[in-house]
Amino acid sequence: MFESVLVANRAEIARRVIRTGHRMGIRTVAVYSEADADLPYVGEADEAVAIGPAAPAKSYLDASAIIDAARKTGAAAVHPGYGFLAENADFARQVLDAGLVWVGPDPAAIEQMGDKIQARNLMEQAGVPVSPGSREPVADVAAALAEADRIGYPVMVKAAAGGGGIGMGVAADAAGLAAAFETARSRAERFFSSPEILIERFVERARHVEVQILGLADGRVLALGERDCSVQRRHQKVAEETPSPGVSGGLREQMLTAAVRAGQAVGYRGAGTVECLVDAAAGSFVFLEMNTRLQVEHPVTELVTGIDLVEQQFLVAAGEPPSFDPDAVSPAGHALELRVYAEDPVRFLPGPGRITEWEEPSGEGVRVDAGYRAGNTVTPFYDPLLAKLCVHGADRGQAIERAREAVAAFRVAGPKTNLLFHAELLASAEFTSGDYDTSLVSKLRQP
């Protein structure tokens, strides 16, 4: 095992990686922008290095500054967390070329899965179900219309190199497709420096369900259960749970098998996620994309399996076996994660500001992964995620009840938060019944 690691990220996920690093006896190095100098993770690392101003392009996205910080501090490895450079194959190669250990999959796997069209084609060849869609980038509106006629409306339009729901749009007819295409292309160029667009069949009343995979150092790929991520606003996740209440035992086994096959197709190593769309009415699923990193919602898998996924990432990167028996993984109970954002709980618009009060809930089955504390300022430069409130119970009913109590006990003053939304979600008949899909948030917010 390497003796030190630089965490190329910030806030909540940086604290998360640092915590496991310390438990394993690994010296941790944090990097921070001028805007983040007083955040908890900076002081919790064994060493911290300032890498630039607030703008991400001049700090957390500056690969050379991060690698220089690793060299100066003697860090042996780099853990990218999620977001920023986590799925940047060029950055992974730079880390390796600098003689450092990359705590993540091979850059080739990142590259293959980073392009949604290439990923779809590869998964189809590997026998993983995919939805009807384009096998090559759609160049213009005319080509988009022709492709939609072939696939059949409604269709989903999205950036081939994108993620996070940015630029996604749904079109029910030709007129809607023209507008969605132009919006997706402009946002793809702006956010991902690639104008390539993918079109695929839109599944109505779909659930967004993903499978956690772990590629071991010996070449085996494991599936550690699924997570339901259907509670979304603007195609971005707000709450997750495992196991999914909308997936039968038979369908679950099919999804886990397909996810392992997906990981094997790219020789995957480390923690990754195979995302799928589930047609609950038909009892079927299709491949959506593969995230070649640790997911924001990984704690729910940890709560039901007892497996520390960051620890496994370190072990795989060091070429060591896992700390658990791969043949004896047995998820138990039910877990929920509620993402606590500094945002308006009705319109979901970011609301930065200084935190004047911060009191986290506690108790049996409650876990809070937070990036902030009282006195910190939530700036407009980064994603407004404040914390992840996670709960575990013997069953779904107990988990929901514990989540309700934890939400009521979570005190944050200063910026607006979406805690009120989470209270409404947990009280809604749609969510508690388990019979919901990706339209749930819009239904709860209808006037």
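The values are calculated or read from the model by the stated rules, or taken from the named source; none is laboratory data. Predicted model, so just to flag it, every value in this text is computed and none were measured. Methodologically, a virtual Cβ is constructed for each residue, glycine included, from the backbone with ideal geometry; neighbour enumeration extends over all protein chains shown. Remember, those area values only see protein heavy atoms, side chains included, never the ligands or the DNA or RNA. Shrake-Rupley method; radii C 1.70, N 1.55, O 1.52, S 1.80 Å.
Residue-normalised convex hull volume from the C-alpha trace of the stretch 262-329: 124 Å³ per residue.
Averaged over residues, the count of other Cβ atoms within 10 Å places the peptides 374-386, 304-316 in the sequence 304-316, 374-386, highest first.
A full extension of the chain between D325 and E136 corresponds to an added length of 63.9 nm, given 0.36 nm per residue minus the alpha carbon distance. Using C-alpha pairs below 8 Å separated by at least 6 residues, the relative contact order for the chain is 14 percent.
As a size descriptor, the averaged projected area of the C-alpha convex hull of the stretch 293-355 was calculated at 6.8 nm². Each peptide in 318-327, 240-249 was scored by the mean count of other Cβ atoms within 10 Å over its residues; highest first, the order is 240-249, 318-327. With Cα atoms as the point set, the chain shows a radius of gyration and Dmax of 21.0, 59 Å. When only alpha carbons of the stretch 373-417 are considered, Rg and Dmax amount to 13.6, 39 Å.
Here the simple spin-label model places points 7 Å from the Cα toward Cβ, and for F2 and D90 these points are separated by 2.2 nm. Note on A408 and A217: the extension gain reaches 64.5 nm, defined as 0.36 nm multiplied by sequence separation minus the Cα-Cα distance. Within the chain, the selection of entire DSSP H helices by a Cα span of 30 Å or greater along the long axis and an average Kyte-Doolittle value of at least 0.0 returns an empty list. Here the stretch 63-170 yields Rg over Rh of 1.11, to two decimals, using C-alpha coordinates and the Kirkwood radius. Karplus-derived 3J(HN,Hα) values for the stretch 30-40, using 6.51 cos²θ - 1.76 cosθ + 1.60 with θ = phi - 60°, are 9, 10, 8, 8, 4, 6, 10, 4, 9, 6, x Hz; glycine and proline are entered as x.
Using a probe radius of 1.4 angstrom, the carbon and sulfur fraction of the accessible surface of the chain is 49%. Backbone geometry of the stretch 239-247 corresponds, through the Karplus equation with coefficients 6.51, -1.76 and 1.60 at θ = phi - 60°, to 3J(HN,Hα) couplings of 8, 9, 8, 9, x, 6, x, x, 10 Hz, x marking Gly and Pro.
Separation of the stretch 35-114 and the stretch 187-202, taken as the distance between their Cα centroids, equals 26 angstrom. Extension gain for A374 to A175 (0.36 nm times residue separation, less C-alpha to C-alpha distance): 66.7 nm. Across all directions, the average flat footprint of the convex hull enclosing the Cα atoms of the stretch 288-447 is 11.5 nm².
If the viscosity is 0.692 mPa s and the temperature 37 °C, what Stokes-Einstein diffusion coefficient in µm²/s follows for the stretch 233-304 when Rh is the Kirkwood radius over Cα pairs?
The calculation lands on 244 µm²/s.
Between the beta carbons of H22 and A143, assuming R0 = 30 Å, the FRET efficiency works out to 0.05 to the nearest 0.05.
Please work out, to two decimal places, the log10 of the ratio I(q)/I(0) at q = 0.09 Å⁻¹ from a Debye calculation in which every Cα of the stretch 1-133 carries one identical scatterer. Taking Cα atoms of the stretch 1-133 as identical point scatterers yields -0.29.
Among the listed pairs K116/K416; K72/K237; K58/K443; K58/K237; K158/K388, those with a Cα-Cα distance over 29 Å are K116/K416; K72/K237; K58/K443. Over the stretch 174-315, all Cα pairs binned in 5 Å intervals from 0 give whole-percent P(r) values of 2, 9, 17, 19, 18, 15, 11, 6, 2, 1, 0, listed from short to long.
Calculated on C-alpha atoms, the gyration radius of the stretch 391-435 divided by its Kirkwood radius gives an Rg/Rh of 1.02.
More than 18 angstrom separation, counting every C-alpha pair in the stretch 156-207; what % is that? Tail of the P(r) past 18 Å holds 26 percent of the pairs.
Note that the stretch 251-391 presents 36 Å² accessible area per residue, ligands and nucleic acids not counted, probe 1.4 Å. Excluding ligands, DNA and RNA, the accessible surface per residue across the stretch 1-147 is 38 Å² with a 1.4 Å probe. Based on alpha carbons, the Rg and Dmax found for the stretch 7-69 are 10.9, 33 Å.
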